[in-house]
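To start, the structure under review is shown below, and the notes come after it.
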Amino acid sequence: MEQRINFFEKGQGAIKSMYGLGSYLSKSPLKKSLLNLIYFRVSQINGCAFCLDMHSKDLRAEGETEQRLYMLDAWHDAPIYTDQERAALAWAEAVTKVNEGRVSDEVYEIAKQQFSEEELIDLTMAVITINSYNRINVAFRTKAGNYQPGAFAVKEA
């Protein structure tokens with residue numbers, strides 16, 4: 001597979017606006033490990049190799065176990081995720097797969113039990129952001145495999 005366009009090099013003007021979302025999310029009360037777990041799951045759904053490489057490495061560098069990464073695609077049946085993680089995963093999947101129907105009241109009610117309104121907004125912004133990055137990387141065939149953990153970490157000002 002040959003990369004079509006190096007978006008991160010050629011699309012600097014466009015990507016700067018997306019970096020703003022990353023900066024916003026870095027200040028969210030949501031745990032970084034939870035955000036990376038969501039980023040990884042959404043990237044599985046969207047088949048984004050670049051993001052799977054990046055978020056698996058960032059999760060492992062944060063101490064996430066390989067077993068939890070291996071089982072993430074079957075999180076519904078795996079007892080190793082917390083109730084909050086399950087609510088976040090269900091929300092992320094529903095928002096990502098919105099073309100399959102609406103985000104159900106059931107998923108919303110479960111998420112609402114685990115997150116404040118502000119946290120749920122941040123979680124939604126995180127899902128929107130990773131979906132955007134996934135689509136860019138899939139469309140332009142961004143090469144995967146060379147990411148170093150923390151390479152895209154938001155620098156505190």
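Values quoted throughout were computed directly from the atomic coordinates according to the rules given, and no laboratory measurement underlies them. Predicted model only: the values in this text are computed from it and were never measured. No Cβ is skipped: glycine too gets one built from the backbone with ideal geometry, and neighbour counts run over all protein chains shown.
Key figures
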read-out: Only Lys, Arg (+1) and Asp, Glu (-1) charged, at Cβ; region 31-140 dipole about Cα centre in debye; value: 340
read-out: Folded to 0 to 90 degrees: helix 12-26 orientation relative to the chain principal axis, Cα; value: 30
read-out: Protection-proxy order for peptides 106-112, 12-18, 147-153, each taking the mean of Cβ atoms within 10 Å per residue, highest first; value: 106-112, 147-153, 12-18
read-out: Angle between the chain longest axis and helix 49-61 axis [Cα atoms, degrees, rounded to 10]; value: 70
read-out: Helix-derived mean residue ellipticity, 222 nm - over the chain, DSSP H n ≥ 4, -39500 (n - 2.57), to 500; value: -20000 deg cm²/dmol
read-out: C-alpha long axis of helix 32-46 to longest principal axis of the chain, angle in °; value: 80
read-out: Selection from V138, H55, Q44, by position along the positive dipole direction of region 31-140 (Cβ); value: V138
read-out: Out-of-range pairs (alpha-carbon distance over 29 Å; input K31/K97; K10/K57; K10/K112); value: K10/K112
